[in-house]
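Colleague: Below: one structure in structure tokens.
What follows draws every value from the coordinates through simple rules; no lab data is involved. The structure displayed is predicted, hence computed values, not measured ones. In this analysis, Cβ positions are derived from the backbone assuming ideal geometry, glycine residues included, and neighbour counts consider all displayed protein chains.
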Amino acid sequence: MKYDLPYTIENGLGEKIIFKEIIHEPDGDKLIIQGFCHPGGGPAMHIHFKQDECFTVRKGKVGYQCPDGEEKFAAEGETLLFKRGTPHRFWNAGNDELQMDAWVKPADNLIFFLSTLYEAQRISGKGQPERFYAAYLLTRYKKEYAMVGLPAFVKNVLLPVTYTFGKLSGKYRKFKDAPRPVE
């Protein structure tokens with residue numbers, strides 16, 4: 001899938017991402033992003049297995065945490081770097097809209113993945129995405145991204161069964177042009 005940049009997505013829950021540009025570098029494409037989040041909002045604990053993710057707080061206060069660590073905070077002008085393979089979550093820890101400038105490298109399938117995830121959240125109307133979309137993303141792209149804290153039964157049984165049922169019932173026809181997973 002090709003996206004014309006800048007490209008904006010919103011999840012209907014107060015989170016907005018603008019994919020601004022892709023910078024071609026010898027060691028991989030860098031995706032430049034601007035993110036906005038209402039107080040208390042932000043993604044659940046997750047992992048990018050193949051990408052580094054870096055944020056600079058432009059406005060507001062961000063809270064962040066790795067699974068084995070305490071909650072920490074960063075203010076305007078501070079930068080956070082999550083190396084690939086590092087589980088993390090972040091949220092707007094302030095009372096006003098959080099604004100961050102970010103980059104992810106390599107870009108890989110992030111635009112498709114997050115666009116589909118945000119669509120799934122809009123469909124469900126809550127932070128937990130619609131189940132067939134979640135099964136599609138977390139099964140097809142399991143070597144790229146994961147949600148930390150999913151019970152083993154959900155991860156190893158429910159998601160694959162839901163994914164298989166979704167394929168058999170034609171629920172994923174809309175994803176026929178989806179990017180191939182990165183191996």
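Colleague: Hey, can you grab everything whose amide H is under 5 Å from the amide H of Asp52? Only 5+ residues off in sequence or another chain; H modelled, so Pro and N-termini drop out.
Modeller: Arg84, Lys105
Colleague: Same structure, new question: Sort the stretch 110-175 into rounded, prolate or oblate with this rule: let a ≥ b ≥ c be the square roots of the eigenvalues of the Cα gyration tensor; rounded if a/c is under 1.5, and if a/c is not under 1.5, prolate when a/b is larger than b/c, oblate otherwise.
Modeller: Rounded is the answer for the stretch 110-175, as its axis ratio a/c remains below 1.5.
Colleague: Given labels modelled 7 Å from the Cα in the Cβ direction, how far is it in nm from Phe49 to Glu10?
Modeller: 3.4
Colleague: For the pair Glu76 and Lys59, how long in nm is the line joining their label points, each one 7 Å along Cα→Cβ?
Modeller: 1.0
Colleague: Right, another one. Beyond 22 Å, what percent of the Cα pairs of the stretch 4-82 remain? The partial results should precede the final answer.
Modeller: Values: 933 of 3081 pairs.
Considering the stretch 4-82, 30 percent of its Cα-Cα pairs are separated by more than 22 Å.
Colleague: Taking the chain as a Gaussian network, Cα atoms linked when under 10 Å apart, which of Gln128, Gln34, Gln51 shows the biggest mean-square fluctuation?
Modeller: Gln128
Colleague: Can I ask one more? Just the Kirkwood number for the chain, please: inverse of mean 1/r across all distinct Cα pairs, in Å, one decimal.
Modeller: Numbers: mean 1/r = 0.0589 Å⁻¹.
Computed over Cα pairs of the chain, the Kirkwood hydrodynamic radius comes out at 17.0 Å.
Colleague: Structure shown: which of Lys16/Lys171; Lys16/Lys176; Lys16/Lys142; Lys59/Lys142; Lys20/Lys155; Lys2/Lys61 lie over 31 Å apart, alpha-carbon to alpha-carbon? Mind dumping the intermediate values first?
Modeller: Numbers: Lys16/Lys171 26 Å; Lys16/Lys176 25 Å; Lys16/Lys142 24 Å; Lys59/Lys142 33 Å; Lys20/Lys155 33 Å; Lys2/Lys61 33 Å.
In this structure, Lys59/Lys142; Lys20/Lys155; Lys2/Lys61 exceed 31 Å between Cα atoms.
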